[in-house]
Every structure is written in structure tokens, then in C-alpha cells.
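The values are calculated or read from the model by the stated rules, or taken from the named source; none is laboratory data. Please read all numbers here as calculations on a predicted model, not as lab measurements. With ideal geometry, Cβ positions are generated from the backbone for all residues, glycine too; neighbour counts draw on all protein chains shown.
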């Protein structure tokens, strides 16, 4: 099992140092969340809390995950970075392919693209993308991204995106993995069909286990049951060495965690305390796993 450090909602001036410490302590990756803006009102419920409310506010810091990955990549040499997850529905995939390719090049191919549809109608509409047919548009966007990032002169003529022959250089030297997020049936089918892995949001252990079982069935239906596949999990009720071993037993390959939370520290805690928590987690969990 691998361990990934989440830096969601942390002060931006701490990110580079957190990544350096995580690399020193044996973390495999850093996971970066995505939020374009905070709208004063929102016309849909947030899907990952019981009451549909957002658990952040208008002052919560968010870095663009692609920019942050490049910055942290410049300060490190081995640790990987991935978005968890980037909202693809409100973005143009041709422009995004240029950005992802640049991050892959600047980090020495240490970048993975976690992607999802997005949940806020305002993020779609205020960025010039229709909220209607968002699932079909995202399916095409994934095809466009893969086509361009795999390199060469390519063209695409779909229902939502259309372009003649183009090439972006340099293409990533290694294939950029796509980790598909979402808990709905359609999202799980998308992950099974085109993903190199699946990224969970906050889930209880029993729900996580049943979802992983469902993914196995869907991957088998898609003829991909034997392919390598990452399960990136944020499990909210199994912790500690025994808890992570339980997660591994049900198929989790990558635990996303914030070690300072276990020490009672919040997002706004000082950098030194967070680094101490990372080192403690590495000694107590990673070194013994």
C-alpha cells in the first residue's frame, strides 16, 4: 500500500515545505484538490456531506492544482503529484491538455490526473460550459485529453469538441495516468472503462468495500479486470496500522491522509507542527506497513 499526503485547504505558503517533508518521510504522492471559486450561493447540494453543505467558506485557500504541482515538483525529486480530483466539466480539454503536458514535463513525469465531472452548476456556467449533458461532455473530454497527451499529430471530431490535426510538444515521456473520481454508478462505470484508477471522496469503510467490489465487477465487464488499477481512498472510520491493513485487505492501494488531523491540528496550524505530524505518521505507520 502507498500513502499520499493531502494538502487540501492548507495555506499556500506551506505547500512546498509539506511536499518536501512528505518526500523525505516516504510518502508516495501529494494529492491536490480543485475548487475554482466560492460562489455566495450555489444551486446544487455538495454530494459528499450528509446535509449537502460545503465544509469550507469564502476565505478557504485553494491553489490551482496544476500550478501547485509544478511548484512542488521543482522543490522535490521523487514524490509524485495528482489532482484529487480536478473538475473536468468546466474546463476545455484542449487547453487542459497543454497544461497537463507542461506539468508532466516540468515534474519529470511525476504527475497523474485525477478527474471528475464537477458538482456546482455555477462553476460550469460561469466558466462558459453548459451544465446540461455534462457527463457526455466529460466522456469526450477524456478522449481528447488521452489523444493529445499520447503524442503525435491528432484530430478529433465529436459531438462537443471538434478540431483538425494538431500536435502539442513535448508529449509526456510516460503515459499520464487518469484517476476517475465519483461515487455514482455512471462515475464508477467511467472509471472502470477508461481509468487507470478510481479516487474516492470521504467514505465509511463498509461503503468503500462495496464500491470496490462493484468496481471489480465493472472492470471485468469492460474486459479490464486484469489491468493494473489504483484505488485511492479517503476512509473516515478506519485509521491506525490495523485500520490501514483492513483497507489494504479490501483492495485499497493508496491511502490519502492528513497526518496533522490525528494530532488535533486544523488546516491553519503552523507549518512546523504539521511537519512534525508527517514525521510521526511516517514512523508509526509507513515504516511499519
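Some points to look at:
- Any chance residue 231 is within 25 Å of residue 80 (Cα to Cα) and assigned to a helix (DSSP H, G or I): no
- Listed by position, the strands (runs of 3 or more DSSP E) contained in segment 90-193 that have at least 2 residues being under 21 Å from the mean Cα position of the chain (by Cα) and closer than 19 Å to residue 47 by Cβ are 111-116, 178-181.
- Some residue of segment 86-102 being out of contact with any helix residue (DSSP H, G or I) (no Cβ under 8 Å at 6 or more places or on another chain) and either buried (at least 18 other Cβ atoms within 10 Å of the Cβ) or under 17 Å from residue 195 (Cβ atoms) (or both): no
- On the stretch given as segment 34-45, residues that are closer than 21 Å to residue 200 by Cβ and either over 21 Å from the mean Cα position of the chain (by Cα) or exposed (fewer than 15 other Cβ atoms within 10 Å of the Cβ) (or both) total 2.
- When the residues of segment 280-289 are filtered to those that are within 23 Å of the chain's Cα centre (by Cα) and part of a helix (DSSP H, G or I), the one that is surrounded by the most Cβ atoms within 10 Å (Cβ to Cβ) is 281.
- Any hit, segment 197-210, residues being part of a loop (DSSP other than H, G, I, E, B) and out of contact with any helix residue (DSSP H, G or I) (no Cβ under 8 Å at 6 or more places or on another chain): yes
- Taking the criterion of being without any contact (Cβ under 8 Å) to a residue 12 or more places away in the chain and closer than 18 Å to residue 66 by Cβ, no residue of segment 146-168 qualifies.
- Residue ID - nearest to residue 207 (Cα to Cα), chosen from residues in segment 238-277 that are assigned to a helix (DSSP H, G or I) and in contact with a strand residue (DSSP E or B) (Cβ under 7 Å, 6 or more places away or on another chain): 247
- Qualifying residue in segment 53-63 (condition: at pLDDT 95 or above, within 12 Å of the chain's Cα centre (by Cα) and not in a strand (DSSP E or B)): no
- The lone criterion from (1) free of Cβ contacts under 8 Å to residues at least 40 places away in the same chain; (2) out of contact with any strand residue (DSSP E or B) (no Cβ under 9 Å at 6 or more places or on another chain) left unmet by residue 284 is number (1).
- One residue from 156, 82 being buried (at least 23 other Cβ atoms within 10 Å of the Cβ) and in contact with a strand residue (DSSP E or B) (Cβ under 8 Å, 6 or more places away or on another chain): 82
- The lone exception for residue 268 - which of (1) touching a residue at least 60 places away in the same chain (Cβ under 8 Å); (2) closer than 20 Å to residue 2 by Cα it fails: (2)
- Any chance residue 188 is free of Cβ contacts under 8 Å to residues at least 60 places away in the same chain, more than 25 Å from residue 25 (Cβ to Cβ) and surrounded by 13 or more Cβ atoms within 10 Å (Cβ to Cβ): yes
- Selection of segment 17-34 for residues being part of a loop (DSSP other than H, G, I, E, B) and over 13 Å from residue 67 (Cα atoms) yields 25, 26, 27, 28.
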